[in-house]
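Please read the structure below before turning to the comments.
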Amino acid sequence: MPMPIITRYLLKEHAAPFFFSLMLIIFIFVLNLLFQMLGKIAGKGLDLNTILEFFFLNLAWIVAMAVPMAVLVAVLMSFGRFSADNEITALKASGVSLFRLIRPLMIWAAILCGLLILFNNEVLPYFNHRSRLLRADIRRKRPTLIMEQGIFLFDIPKTVLYARKVEPMTSTMEDVVIYDESEDKVQTTITAKRGELKFSNEQETFLFTLWDGEIHRENIGENTYQKTIFERALFRIDAPDMILQRSESEYRSDRELSVGEMRQKVKELAVHPEKNQRLIDSYLVEIHKKYSIPVACLIFVLLGVPLGIRAHRGGIGVSGGLSVFFFLLYWVFLIGGEDLADRDYVHPAVAMWAPNVVMGILGIYLTLRSIKETTFFQWDKLRGCFRERHRPRRTKISVKGH
């Protein structure tokens with residue numbers, strides 16, 4: 001059976017704003033993540049593949065958050081344009097109810113909801129797990145060694161480097177000084193007229209080739225001093241964690257488990273509920289969150305249609321502003337409920353579903369008001385009251401005859 005014309009038109013007008021806003025929201029989240037992590041990954045010497053992998057792994061939770069918000073923006077934009085072009089009025093005059101206009105978008109939102117539930121249960125836990133391990137590996141990695149002329153370098157453990165002149169392109173140095181503090185009670189100072197620095201990834205070792213230098217060793221405990229002159233010498237300095245070591249771990253937090261795995265954890269912890277209640281609540285919060293956030297796609301359709309009609313404009317500015325406001329309101333409810341549930345003040349189900357219930361009631365109320373063709377605020381009555389209050393009073397002057 002072919003799709004009705006109105007349904008095709010509504011979905012077509014909704015698709016472009018949805019994908020545009022989805023890409024824009026993802027870009028904003030990634031940009032925010034970039035600024036947050038810039039100080040933690042800068043100077044680590046990470047290759048491009050590792051950096052791209054890091055942001056790719058973090059795309060999972062960004063997509064889970066961006067899809068419901070994109071639904072709200074798209075509905076606001078499309079129905080705002082319909083209202084501004086009087087298409088809503090024309091459709092109502094043709095006998096098309098608002099419920100008929102909402103139905104295709106609710107079906108589309110239900111499909112997105114199902115896909116997002118599957119994504120949150122199968123894909124998101126794995127990506128969260130890999131992302132946590134990569135963050136830990138990056139945090140352990142030492143910064144890349146960067147020699148600057150005339151500046152003491154303390155990046156290598158128990159070793160201080162200095163060079164009067166450095167050629168970054170060739171890694172050659174002049175007037176090199178190395179202070180070696182690797183041995184207790186022994187102070188070793190190495191000086192050389194020329195030097196070359198290389199790093200061995202296999203051995204995690206810095207290789208210093210020095211020419212025309214001296215080695216000064218002073219044993220404080222034995223009160224002895226030794227001086228060695230050399231023409232050419234090779235020194236190895238161990239530098240662990242200078243390259244990124246990828247680790248594995250079987251441990252998974254609540255955000256790295258599927259619903260089935262978390263329910264199994266809850267069943268195991270329920271043996272001693274008084275001892276493990278907070279941990280049980282944290283698992284239950286994540287279980288309900290994997291469903292409540294996708295269901296927000298449906299809620300935001302109910303909320304976005306009447307708001308879009310009242311906005312009278314389909315621009316990204318108005319739609320984006322309204323969607324950010326209501327999504328932040330939704331997120332404040334969600335985070336606050338999660339905190340209360342983790343502290344065992346409210347049941348996890350109530351905490352995670354309360355934002356959907358509140359937003360859903362508001363959306364139904366606004367939708368019913370739109371169907372009755374009444375405005376949210378009675379502007380005419382307000383203007384009438386304002387005029388009555390500020391209308392100048394007329395005084396009657398009577399003239400009595402004598």
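Throughout, read-outs are computed from the coordinates displayed, never taken from laboratory work. Quick caveat: nothing in here was measured; it's all calculated off a predicted structure. All Cβ positions, even for glycine, are placed from backbone atoms using ideal geometry, and neighbour counts span all protein chains on display.
Arrange the peptides 69-80, 14-25 so that the one whose residues have, on average, the most other Cβ atoms within 10 Å appears first.
Listed from highest to lowest mean packing, they are 69-80, 14-25.
Cα extents of segment 159-238 along the three principal axes, largest first, in whole Å?
43, 27, 19
What is the Å³ per residue value for the convex hull set by the Cα atoms of segment 66-142?
So the per-residue hull volume is 80 Å³.
I'd like the chymotrypsin sites (Phe, Trp or Tyr not before Pro) in segment 327-375 restricted to DSSP loop residues with at most 16 other Cβ atoms within 10 Å, sorted by number.
Sparse-neighbourhood loop chymotrypsin sites (Phe, Trp or Tyr not before Pro): TYR345.
Rg (Å, one decimal) plus Dmax (Å, integer) for the alpha carbons of segment 155-298?
Looking at segment 155-298, its Cα Rg and Dmax stand at 28.2, 81 Å.
Ordered by packing density, taken as the mean number of other Cβ atoms within 10 Å over each peptide's residues, highest first, how do 214-220, 357-363, 294-300, 124-130 rank?
294-300, 124-130, 357-363, 214-220
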